Amino acid sequence: MENHEREKTGIPQIALQNAVYAQKGLYSDTFECGSHFYCVVYTMNRDRVMAADRRDLEDMSTLGMDWDNETIETNVVTNAENASVATGDIDEDDLEADQRRYLEEHAIVVDGYKCPDEFVNIITPMEFEEMVNLFTKFDVDHSNTIDKHETKKILIYLGMDASMEMAIELLDIVDVDKSGEIDFEEFCNFIVMLKRGDPRLQGYGAMLSVLNSTPLGELERQCVTRGLKIKFVIMEKREATLTNPTQWIVEVQLSGVFHNLENGEVLATQMTKRFQGIGTTTKEAKYNAASNAIINLGESMPG
């Protein structure tokens with residue numbers, strides 16, 4: 001990794017949200033221009049990803065960074081191309097457009113449900129897909145909300161005390177707007193609260209285990225360990241016949257370095273492996289494709 005000069009810069013709390021990009025392996029450079037602070041985000045090789053006026057507060061205590069109200073360490077642009085961003089005139093409209101475009105390009109959407117922008121760096125795509133599956137499972141009446149009776153189903157699913165008293169207690173914690181129901185965004189926030197170790201939800205850790213115990217969760221875990229990238233592609237839809245229901249064929253593509261033993265020698269090869277699954281729904285086909293990939297990975301050498 002290239003070493004970059006660093007310096008202490010006075011930054012108010014409104015600029016501290018820049019550091020969340022570090023969770024995704026990105027650089028976030030903060031500059032003062034007039035009365036505003038701006039953030040320019042780069043990849044590891046210093047390619048510009050986006051630029052944005054950072055105004056929002058962020059609780060830095062959750063990010064594991066040492067800071068106070070006066071100072072924080074920030075990266076300083078070292079090459080001439082990117083340095084011009086810091087010294088030139090910055091158009092706020094362009095910055096906001098860059099931010100919107102970045103969020104749109106990195107949006108996570110499953111079956112019409114969109115992951116809230118503030119959670120895209122906390123919830124993985126595989127976790128989000130499982131969250132959508134769980135939310136629709138608990139939303140029995142398809143109202144796009146979970147009421148106190150449906151909240152009991154969460155408790156039953158987790159093998160917990162499913163009394164109405166416990167259901168109301170959970171609802172009171174998760175129902176942020178106090179509408180008496182849990183909408184999808186609040187359900188996403190529920191998972192984030194669990195990830196952050198909210199003490200009020202100590203007994204609900206099994207929910208995270210559920211997210212990671214499905215074929216999708218297990219495949220993602222193994223691919224992270226091996227440094228592989230995952231991509232799912234719908235290959236074919238077979239229309240229903242008189243004797244068979246509609247069938248979907250989904251392919252999972254795993255890209256990265258695979259290790260094989262040949263003639264007593266370990267060979268590392270950059271490649272993409274493909275595994276397919278079939279099912280009456282895209283979800284079932286995706287699960288079957290993931291299961292086939294997991295079996296193959298289990299038989300191959302670890303990366």
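A short reminder: the numbers here are calculations on the coordinates, not readings from a lab. Quantities reported herein were computed from a predicted structural model and do not represent experimental measurements. Here Cβ is always computed from backbone atoms with ideal geometry, including for glycine, and neighbour counts include all displayed protein chains.
Here are some notes:
- Selection from the stretch 147-177 of residues that are touching a helix residue (DSSP H, G or I) at 6+ places or on another chain (Cβ under 8 Å) and either closer than 14 Å to MET207 by Cβ or in contact (Cβ under 8 Å) with a residue 60 or more places away in the chain (or both): THR151, LYS153, ILE154, LEU155, TYR157, LEU158, GLY159, MET160, LEU170, ILE173, VAL174
- So ALA162, is it within 21 Å of LEU208 (Cβ to Cβ), in contact with a Leu (Cβ under 9 Å, 6 or more places away or on another chain) and either in a loop (DSSP other than H, G, I, E, B) or of a type outside the set (A, V, I, L, M) (or both): yes
- Test: GLY205 is surrounded by fewer than 14 Cβ atoms within 10 Å (Cβ to Cβ) and among the small types (Gly, Ala, Ser): yes
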